[in-house]
Amino acid sequence: MVDRKPSVIGILAMSIVYWGALVWWQKDALFGEDTVAQAKALKVLAVSVPYVFFIIWGTGNDLPENITEIPYLGRLLKPGIWLLFITSFFVVSWQDPSLVGILLVGVGLLGLASALALACLMYSGEESSRLYALSRLVDVYPSITKPEGHVRFNQKLWTTTLVLIIYFMMTNVMIWGLSDSTLDVFSSFRAIMAGASGSIMHLGIGPIVTGSIIMQLFAGAKIIQLDLQDSSDKMLYQGVQKILVLLMIPIESIPQVYGFLDPHEDVILQFGIGWANALIVAQLFIGSYLVFLLDELVSKWGIGSGISLFIAAGVAQSTFVGTLSPLPVVQGSPMSLENPPSGTLPMIFYTLRTATNSDLDSQNGFETILLNHANPVAALVSSVIVFLVVAYAESSKLELPLTHGKVRGHRGQYPIRLVYASNIPVILMAALLANVNMFTLLFWSHPVLSTVPILGSNAADLHLFGNTYNMSYAHWFGSYEVGATTPSGGFAWYSSMVNGVGDWLLPLLNQSGDAYGHSLGQIMIHVFTYVFFMTAGSTVFAKFWIETTNMGSKDVAKQIERTGMQIPGFRKNPVVLERILERYIPPVTIFSGAFVGLLAAGADLLGTVGNATGTGLLLAVGIILRTYEQIQKEQAMEMHPVLREFFGAE
């Protein structure tokens, strides 16, 4: 046990950051000449203080026993007071639309996040981590109830099917009040982020994966100091991750309404710009929270993971359409050799049936079929290669021999897969790069964030001692063309996805730069940088993932020992078994992370049909194969109940 004391330096730093941000947000009103606006800004700052301190008190203290024993009141008093605060913010914002942003976002959302951080910094208990300050909030957090006993296979199958149907329905529910001109920040990563552009599923699995990334990085760096082998610490870790996901939903939703998902002019005229933006954010929040609940529902009552299911469904749909679609590339225009069918196979049949040899020769028809079409033959071949390589890698495994300690002659094997960490590390790394793209885009084009010193593209110059210093270094982090969501320069471009041969191979063959004017040397640096980040990042996340999912040597040793099995020639001792597993699991984990990262990057370099991206196709194939094996395991447990104990399903 550790006798923790409040971190005075951390408390002061967090307080300065939060209230300093509010002052900076309201600087024009606070330091301007308009006394009415100044009074409003001071009231906002004043109301933020009791709001933050109430949350700190609520997370760190219990109500008196005479109140907690009162039915309903004891459980609902704290959330009721918090809802009263939020309701009052809504009422005041409705009366004065100019306060929508500062009250709902600055005080309501950022105040909640800051208060939870301050509560952790003020924690003075004896537990291993300051996150135990949030244990009361974790205990009352609403979630999908875990089944008490065994869930039959048919019920799991129907639950998974129903969730998949709901997911596809939600991707077709478009955001109400959205203008016709919208930009998709995640367009390059749409196959991995799932969801659908312009729908309530616009954010896809982004908030869930981002929350998981933050928690895994903090756990791996020992910042949160939780022992994930301990059941109490692991429950707290999972609970805090759910709270973080709930915070990440609005954090990723709010920036979307500044230049990307703009409200329609009629909605702005009816409600004002503040409330029009709030309506879009609210719909994004509802869609993302439903995705979070569906993922939890599949994990507890279905087969596999909801996140994986959504990725596989989206990629399968894109691949099917990209291979077989008979519609022309440019819809609305008549079909011709310049506008053939968009699907690879219909395009091949149409071109070979209608074009003569002279037409193919004069119009570079063969080059179009192989490389330049929206879904060229090269992409189809690449997709087949990725499928075969992933299928082979998923089936490759090392089997440790096992014998039963009491039942003579009873033998078995424990498989350690070549892709031991599965495809999760690639999902996490791709999501991390997607967030890099989103935030560099915001600092480049957002009307407020672009003025932030150093990071913003429109940061004001610094005048000091008669000298002028440029305070904008945004072009180093990422630069963008007008109206574009994919970077054209800076770190964001060098680390961005290389999407097919058109981004690197064709410029090399033609000995010319790309559409942004990059030289061949810069293009090759881009390729090597992306491959390096995908490989190294997936390796790191593979290690973190194994540590947080009971797949490490210690957990596997306990799992095997619980079934009465042992490795022949060694004593039946979990310590001995763990030592043997240490020879295999850590090296295989690192190799599997590097392998799937390198394979995903290589697949992106070659491209795939349907704009599914190589990473997306890699994930989809791995997910489908893993789901098939999970179904086989569920059926085996249904027929042989003794196996449930081995898999921990009881």
Residues of the stretch 438-522: accessible area per residue with a 1.4 Å probe, Å²: 54 Å²
Give, rounded to the nearest 20 debye, the magnitude of the charge dipole that the chain has about its Cα centre when Lys and Arg contribute +1 at Cβ and Asp and Glu contribute -1 at Cβ. 2200 debye
Restrict the search to the stretch 146-227; then list the trypsin sites (Lys or Arg not before Pro) that DSSP places in a loop and that have at most 12 other Cβ atoms within 10 Å of their Cβ. 152, 222
Hydropathy first: keep DSSP H helices in the chain averaging at least 0.5 on Kyte-Doolittle, then drop any whose Cα extent along the axis falls short of 20 Å, and list what survives. 8-25, 35-60, 73-95, 153-171, 206-220, 231-253, 273-301, 306-324, 377-395, 424-445, 520-548, 585-606
Please report how far the C-alpha centroid of the stretch 35-90 lies from that of the stretch 273-340, rounded to the nearest whole angstrom. 38 Å
Between residue 528 and residue 469, what's the calculated FRET efficiency when r is the beta-carbon distance and R0 is 41 Å? Round to 0.05. 0.75
With all protein chains present, calculate the accessible area of residue 583 using a 1.4 Å probe and round the result to the nearest 10 Å². 150 Å²
Cα→Cβ-extended label distance, 7 Å offset, between residue 300 and residue 320, nm: 3.0 nm
In the stretch 461-532, which chymotrypsin sites (Phe, Trp or Tyr not before Pro) are in a loop and have at most 10 other Cβ atoms within 10 Å, using DSSP for the loop call? 465
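The values are calculated or read from the model by the stated rules, or taken from the named source; none is laboratory data. A quick note: this is a predicted structure, and the numbers were derived from the prediction, not measured. Here the Cβ is made from the backbone with ideal geometry for all residues, glycine too, and neighbour counts use every protein chain on show. The accessibility values were calculated without ligands, DNA or RNA, using every heavy atom of the protein model including side chains. Shrake-Rupley method; radii C 1.70, N 1.55, O 1.52, S 1.80 Å.
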